[in-house]
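Chemist: Before I ask anything, here is the structure I am working with.
Every number here is computed from the coordinates shown, using simple stated rules; none is lab data. Because the structure is a prediction, the values reported are computed rather than measured. Ideal geometry is used to build each Cβ from the backbone, glycine not excepted, and the neighbour counts take in all protein chains shown.
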Amino acid sequence: MNWDDLRIIAAVRDEGTYAGASARLRIDETTVGRRLARIQRDLGVKLFDAVDGVRRPTRQCEAVLAHVGAMAAHAAAIDRIKEGQVGPVGRLRIASTNAVAEELLAPHASSFLRDHPGLTLQFLTASGNVKFSRWQADLAIRLRKPEKGDFTISKLGDVRLYFFEPADRGGREPVACVYPDELDAIPEAQFLRAKRLTNVRCVTDNIRIIRTMIQSHQAIGVLPEHSCAPLLADRSLRATLLPKRRDVWLLVQNHLKRDPATRATIAWVRACFQDSARE
């Protein structure tokens with residue numbers, strides 16, 4: 001089995017298309033398809049299903065990729081021996097919301113990577129929860145506890161929440177920023193719903209949009225503590241601490257639990273949240 005061929009399997013998994021894998025590996029798209037077909041023929045199994053234009057790994061492919069990940073870690077370790085470096089080696093994909101990545105992880109990422117020269121972090125972000133599966137991320141930070149899944153889950157901590165409103169409304173009803181219906185279960189949405197707001201004309205799950213609206217002094221909304229430091233210092237705003245906090249959860253792929261690179265990254269993620277709670 002050719003190592004370059006195995007890298008093609010991983011690239012198709014990560015990118016979801018032959019074209020994406022082609023761009024990532026800098027080889028022709030037809031070459032990707034031809035070599036993947038040869039691998040499937042040699043193994044005697046189907047590796048991907050086409051679903052809505054995206055290549056999804058089959059169960060047989062999942063088994064192959066578990067070994068590919070281990071081989072990639074060993075290959076990186078060999079490079080480290082050549083370079084005379086020490087410490088954990090690996091590339092970890094972390095899925096989180098934009099706000100968590102930008103405001104909790106990014107401020108501490110440079111020092112972490114400096115202290116661990118063998119590690120590479122890939123941040124997978126979105127306004128809502130990034131989908132976590134064996135094939136899209138290695139670790140995920142979730143603001144809601146998953147009901148089930150083939151992964152290890154542990155609580156990272158809880159986040160305080162603040163409701164902001166203009167200190168002086170000037171006789172006008174501020175615009176209410178609320179969350180989409182699919183987020184009805186989160187404490188922020190429950191708090192806003194209990195207030196029976198009437199001027200609800202901004203619906204979003206994007207923290208930056210809510211923060212910008214509140215900063216205009218013409219809107220109300222709820223923000224997590226790590227996203228609202230400037231607002232707490234703004235005397236033109238009134239901040240109310242919500243009685244209920246938002247739990248934060250860490251998801252880790254089971255096959256990575258004992259991996260040194262993963263364990264170092266988990267410790268760093270926990271430290272980021274602990275530092276935020278002390279601020």
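Chemist: Would you mind ranking I9, I210 so that the residue whose beta carbon has the fewest other beta carbons within 10 Å leads the list?
Modeler: On the way: I9 22, I210 25.
Ranked by crowding around the Cβ, least crowded first: I9, I210.
Chemist: Classify the stretch 3-65 as rounded, prolate or oblate, taking a ≥ b ≥ c as the square roots of the eigenvalues of its Cα gyration tensor: rounded when a/c is under 1.5, otherwise prolate if a/b is larger than b/c and oblate if not.
Modeler: Details: a/c = 1.59, a/b = 1.18, b/c = 1.34.
Because a/c hits 1.5 or more and a/b fails to exceed b/c, the stretch 3-65 counts as oblate.
Chemist: Ok, one more. Compute, for the stretch 161-244, the length of the dipole vector about the Cα centre, with Cβ point charges of +1 (Lys, Arg) and -1 (Asp, Glu) only. Units Debye, rounded to 20. Don't skip to the answer; put the middle values down first.
Modeler: Values: 11 positive and 10 negative charges, 57 e Å.
The dipole magnitude comes to about 280 debye.
Chemist: A follow-up question, please. Report the Cys residues of the chain lacking a disulfide-compatible partner, meaning no second Cys Cβ under 4.7 Å from their Cβ.
Modeler: Cys with no partner Cβ under 4.7 Å: C61, C228, C272.
Chemist: OK, next. Among the DSSP beta bridges whose two residues both lie in the chain, what percent are antiparallel, rounded to the nearest 5? Don't skip to the answer; put the middle values down first.
Modeler: On the way: 25 of 40 bridges.
Here the antiparallel bridges make up roughly 60 percent for the chain.
Chemist: Using the Kirkwood radius built from alpha carbon pairs, what does the Stokes-Einstein equation give as D for the stretch 161-244 at 4 °C and 1.567 mPa s, in µm² per second? Mind dumping the intermediate values first?
Modeler: Details: Rh = 12.7 Å.
In µm²/s, the coefficient rounds to 102.
Chemist: Arrange the following residues from fewest to most other Cβ atoms within 10 Å of their Cβ: R114, R211, R38. Could you put the intermediate results ahead of the total?
Modeler: Working: R114 8, R211 19, R38 13.
Exposure proxy ranking, most exposed first: R114, R38, R211.
Chemist: Could you work out the helix-only [θ] at 222 nm for the chain, with each DSSP H run of four or more residues adding -39,500 (n - 2.57) and the total divided by the number of residues, to the nearest 500 deg cm²/dmol? The partial results should precede the final answer.
Modeler: On the way: 9 runs with 111 residues, N = 279.
The helix-only estimate for the chain comes to -12500 deg cm²/dmol at 222 nm.
Chemist: Rounding to the nearest 10 and keeping the result within 0 to 90°, find how far the Cα-based axis of helix 106-115 lies from the longest principal axis of the chain.
Modeler: Roughly 40 degrees between the two axes.
Chemist: Angle check, please: helix 3-15 long axis (alpha carbons) against the longest principal axis of the chain (alpha carbons), in degrees 0 to 90, nearest 10.
Modeler: Approximately 20 degrees, to the nearest ten.
Chemist: Now a separate question. Can you give the Rg/Rh ratio of the stretch 207-258, where Rg is from the C-alpha atoms and Rh is the Kirkwood radius?
Modeler: Details: Rg = 15.9 Å, Rh = 13.3 Å.
A ratio of 1.19.
Chemist: Further question on the same structure: On C-alpha positions alone, give me the angle between the axis of helix 59-83 and the longest principal axis of the chain, in degrees, nearest 10.
Modeler: 90
Chemist: Listed here are the pairs K46/K257; K155/K257; K195/K244; K145/K244; K145/K195; which of them are more than 20 Å apart at the Cα? Can you show the working numbers first?
Modeler: Working: K46/K257 28 Å; K155/K257 15 Å; K195/K244 15 Å; K145/K244 16 Å; K145/K195 25 Å.
In this structure, K46/K257; K145/K195 lie more than 20 Å apart at Cα.
Chemist: Taking the Cα centre of the chain as origin, sum charge times position over the Cβ atoms of Lys and Arg (+1) and Asp and Glu (-1), and report the length of that vector in debye to the nearest 20. Could you put the intermediate results ahead of the total?
Modeler: Working: 43 positive and 33 negative charges, 74 e Å.
Charge dipole, the chain, about its Cα centre: 360 debye, nearest 20.
Chemist: So how long is each side of the chain along the principal axes, counting just the alpha-carbon atoms, biggest first, in Å?
Modeler: 73, 44, 33
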